[in-house]
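Report on the following structure.
Read-outs throughout are calculated quantities, based only on the coordinates presented, and are distinct from any laboratory measurement. Note that the coordinates shown come from a computational prediction; the quantities given were computed from them, not determined experimentally. Cβ atoms come from the backbone with ideal geometry, glycine included; neighbour counts cover every protein chain shown.
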Amino acid sequence: MTEPTQTPAAPDERPIVSLRDVRRDYALGAERVHALQGVTLDVERGDYVAIVGPSGCGKSTLLNLIGVIDQPTSGTVEIGGKRVDDMSDWEATSFRLYNIGFVFQRFYLMPILSALENVALPMAEAKVPREERRERAAQLLAYVGLSNRERHRPSELSGGEQQRVAIARALANRPTLVLADEPTGELDAHTGAEIISLFQRLNADGTTIVVVTHDEGLADAARRKIHMRDGKVVDGSA
């Protein structure tokens, strides 16, 4: 089954992600932490990129900037050709809702909602009509192999099934970009391999993916690795 998120559009030759000399500093008591130090990076449309490196190297900070969750201290960030580094909170929230899908290490599913209702939630926030969002949620659950789990709540699902629901939810509003932060981190090796396979299929169906991971299997499955150390990209920026 082909992932039901892609719609025909005129080709856009611009990178879907473009960062130029991006720096992010944090105050830590009296000290200044330089989390990112002049990162320049492009991600092309349809790419599948893994960001790897030791803990504390700036991977998650970089992902938060790409996801418009945070803003840089200096430099520019463009997503889909649009500057996002100086957006207001309201603009950033709206942009994320319609353009970016998120998958986290912890699944963050609503415990009182069924799998179908969890997947439909972002569409409700986007004011999609009720029947349309139920139909699309059912399609997405079928895509991730959970058509027989629509009415199950998270407590009735395995960890791998919960992550599949989370991936389906990330696709709900047809994002141009999916970001994943350690998506196999809570899973055993076998279940993690199933999620890795799902990400590969999703990318093959046209979705651009950027993952942060310590999982060598997940990183090896990506088309390109970006290695980070001490707040800098040390390999794979091209």
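Here are a few things to note about the model shown:
- Hits among lysines - C-alpha to C-alpha of LYS225 under 20 Å, sequence gap 8 or more where chains match: LYS59
- In this structure the amide hydrogen of VAL17, modeled in the peptide plane, comes within under 5 Å of the amide hydrogens of VAL43, GLY80, none closer than 5 places in sequence on its chain.
- The antiparallel fraction among DSSP beta bridges confined to the chain stands at about 55%.
- With N the number of residues in the chain, Rg(Cα) / (2.2 N^0.38 Å) evaluates to 1.00.
- Paramagnetic reach from ASP89 (point 7 Å along Cα→Cβ, amide N under 14 Å) across the range 56-71: 69-71
- Sorted by Cβ density within 10 Å, fewest first, the residues GLU44, GLU161, GLU91, GLU31: GLU31, GLU91, GLU44, GLU161
- Inter-site label distance for ALA189 and HIS34 at 7 Å from Cα along Cβ, in nm: 4.0
- Förster-model FRET efficiency, 41 Å R0, THR76 and ASN148, C-beta, rounded to 0.05: 0.35
- Cα centroid separation, the range 169-238 to the range 50-119: 14 Å.
- Calculated over the range 83-123: convex hull of Cα atoms, volume per residue (Å³): 98
- Fewest-first sequence of SER147, SER74 by Cβ atoms within 10 Å of each Cβ: SER74, SER147
- Spatially proximal aspartates and glutamates relative to LYS82 (Cα-Cα < 19 Å; intrachain offsets below 8 disregarded): ASP12, GLU13, ASP21, ASP42, GLU44, ASP47, ASP70, GLU91
- Residue order, fewest to most beta carbons within 10 Å, for SER197, SER55, SER114: SER55, SER197, SER114
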